[in-house]
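Novice: The structure is given below, and queries will be raised subsequently.
The values are calculated or read from the model by the stated rules, or taken from the named source; none is laboratory data. Values in this document were obtained by computation on a predicted structure and should not be read as measured data. So basically every Cβ, Gly included, is an ideal-geometry build from the backbone, and we count neighbours across all protein chains shown. Heavy atoms of the whole protein, side chains included, go into the accessibility calculation; ligands, DNA and RNA do not. Shrake-Rupley method; radii C 1.70, N 1.55, O 1.52, S 1.80 Å.
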Amino acid sequence: MADGEPFYNVHLSYEDNYARGPFGRFGQALKTRVAVETNAPAPGQRFLGFPVNLPFGIPAGPLLNARYVNAAFRMGFDLAVYKTVRSRSWPCNPFPNVLSVHTKSSDGSIRPGSPELEDGLLADEQYDYPISISNSFGVPSRDPDTWQPDMEEAIASAGPGQLLIPSFQGSRSEGMSQDAYIQDHVSTAKLVCETGAQLMEMNTSCPNEGHGRLLCHNPKLVGCITEQVKSEIGDRPLIIKLAYISSDRDLETMVEETAALGRVQGFSTINTISARLIDAKGQQALPGKGRERSGVCGDCIRDTGLDMVARLNAIRQRMGLDFRIIGVGGVMHPDHYRAYRQLGADAVMSATGAMWNPLLAQQIACTRR
């Protein structure tokens, strides 16, 4: 269940959250010198070679800077993904970025391809739990001169059995060649390496290929990029973040072009599901050109996340590969963590659920005992 004020204040701008957050229990955690008591790592419990107390954490998105990461570790989220960074500064979409999203289905779920994603989902400020929200930020980033020292601080804030995972992506600009786009990924990965990062995640699941287009829907290009990124980062494990891929063949191609060739050691999935958002009058809910649609995350995408993890696990077994799977999407309760693990996830993460319930990691740890 929800536990008061979310650690990202949806009523404030992204810039205000970056400067003043985190809020609620996360903010309180930074005021005490003592972190929550966490379980010692279980014998042999490791993730990509690193010991972890509990293979649960927060994915790329709401952990905006080192303060947020430090608070997450203190609250028992042992895997923390530093918000996706770029090779240069990048602005956030206009406020508001987060609205509560209400589905029409009886179980509250949505699936890619369902008619209501095109007809429009109601989006407003009635944040009822279990919650689903819009995610309309546009992957903002500070300049490397800002995020590199901050990322170093975030890495240093990890306690025993905790792990900071930096997220990065390449940035495409108008007229940019494919070779330059690939090189921008490599350059950004190099900047991440300079912070002392021991592993990293490449975000292929946001519209970084232009409006409405996702890099992960082009597995051949992802393969080319990861080949060069892996050459740059060496032995550091590389995870790639995936959106939902509906075709089993396309998903298998993604694995063939990356993990099967040793270029990728893990997949994190899913991110969001794209939907048209409308207000009570049927008008565009998020103001501004190009914002008719938004990624939707939270409770309503859990079934899709579970489906993606199950299919990736089946491919892993069929191909005899050893990559790791991070299950993401709609984790609101310890039962949801267990459901992902039972379907083959080696680790699980929660963004929306953790934002509104900062005690979620502790609740999962207690039920594991």
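Novice: Within the set of pairs 6+ apart or on separate chains, which have a first residue in the range 100-122 that is among the small types (Gly, Ala, Ser) and open to solvent by 30 Å² or more (accessible area, probe 1.4 Å), a second that is modelled with pLDDT of 90 or more and assigned to a loop (DSSP other than H, G, I, E, B), and C-beta atoms under 9 Å apart?
Specialist: 105/111; 105/114; 113/246
Novice: If residue 240 passes every condition in (1) closer than 26 Å to residue 112 by Cα; (2) assigned to a loop (DSSP other than H, G, I, E, B); (3) in contact with a strand residue (DSSP E or B) (Cβ under 7 Å, 6 or more places away or on another chain); (4) not small (Gly, Ala, Ser) but one, which one does it miss?
Specialist: Every condition holds for residue 240 apart from (2).
Novice: Moving to a separate point now. Collect the residues in the range 261-288 that are within 23 Å of the chain's Cα centre (by Cα) and among the small types (Gly, Ala, Ser), keeping them in residue-number order.
Specialist: Selection gives 262, 266, 268, 274, 275.
Novice: Going through the range 256-280 one residue at a time, which ones are part of a strand (DSSP E or B) and not aromatic (Phe, Trp, Tyr)?
Specialist: 266, 268, 269, 273, 274, 275, 276, 277, 278
Novice: I need the full set of residues from the range 247-265 which are of a type in the set (Gly, Ala, Ser) and under 26 Å from residue 110 (Cβ atoms), in order please.
Specialist: Kept after step one, since they are of a type in the set (Gly, Ala, Ser), are these residues of the range 247-265: 247, 259-260, 262.
Answer for the range 247-265, where residues must be of a type in the set (Gly, Ala, Ser) and under 26 Å from residue 110 (Cβ atoms): just 247.
Novice: Yes or no: the range 342-362 includes at least one residue that is touching a helix residue (DSSP H, G or I) at 6+ places or on another chain (Cβ under 6 Å), open to solvent by 10 Å² or more (accessible area, probe 1.4 Å) and under 23 Å from residue 115 (Cα atoms).
Specialist: Checked the range 342-362: no residue is touching a helix residue (DSSP H, G or I) at 6+ places or on another chain (Cβ under 6 Å), open to solvent by 10 Å² or more (accessible area, probe 1.4 Å) and under 23 Å from residue 115 (Cα atoms).
Novice: Same structure again: For residue 310, all conditions in the list (1) within 20 Å of residue 105 (Cα to Cα); (2) out of contact with any helix residue (DSSP H, G or I) (no Cβ under 7 Å at 6 or more places or on another chain); (3) of a type in the set (A, V, I, L, M, F, W, C) hold save one; what is the number of the exception?
Specialist: Just one mismatch for residue 310, condition (1).
Novice: May I ask you to list pairs of residues, at least six apart or on different chains, whose Cβ atoms are under 8 Å apart, with the first in the range 256-276 being aromatic (Phe, Trp, Tyr) and the second being open to solvent by 30 Å² or more (accessible area, probe 1.4 Å)?
Specialist: 267/324
Novice: Does any residue of the range 277-292 turn out to be at negative phi, at pLDDT 95 or above, crowded, with 23+ Cβ neighbours inside 10 Å and in contact with a helix residue (DSSP H, G or I) (Cβ under 9 Å, 6 or more places away or on another chain)?
Specialist: no
Novice: Being in contact with a Ser or Thr (Cβ under 7 Å, 6 or more places away or on another chain) and not aliphatic (A, V, I, L, M) is the requirement here; does residue 196 meet it?
Specialist: no
Novice: I want to confirm something. Restricting to the range 9-25 and keeping residues that are among the hydrophobic types (A, V, I, L, M, F, W, C) and in contact with an Asp or Glu (Cβ under 9 Å, 6 or more places away or on another chain), which single residue is farthest from residue 68 (Cα to Cα)?
Specialist: Looking at residues that are among the hydrophobic types (A, V, I, L, M, F, W, C) and in contact with an Asp or Glu (Cβ under 9 Å, 6 or more places away or on another chain), I get 10.
Novice: Please work out if residue 320 is at pLDDT 95 or above and either open to solvent by 20 Å² or more (accessible area, probe 1.4 Å) or within 25 Å of residue 200 (Cβ to Cβ) (or both).
Specialist: yes
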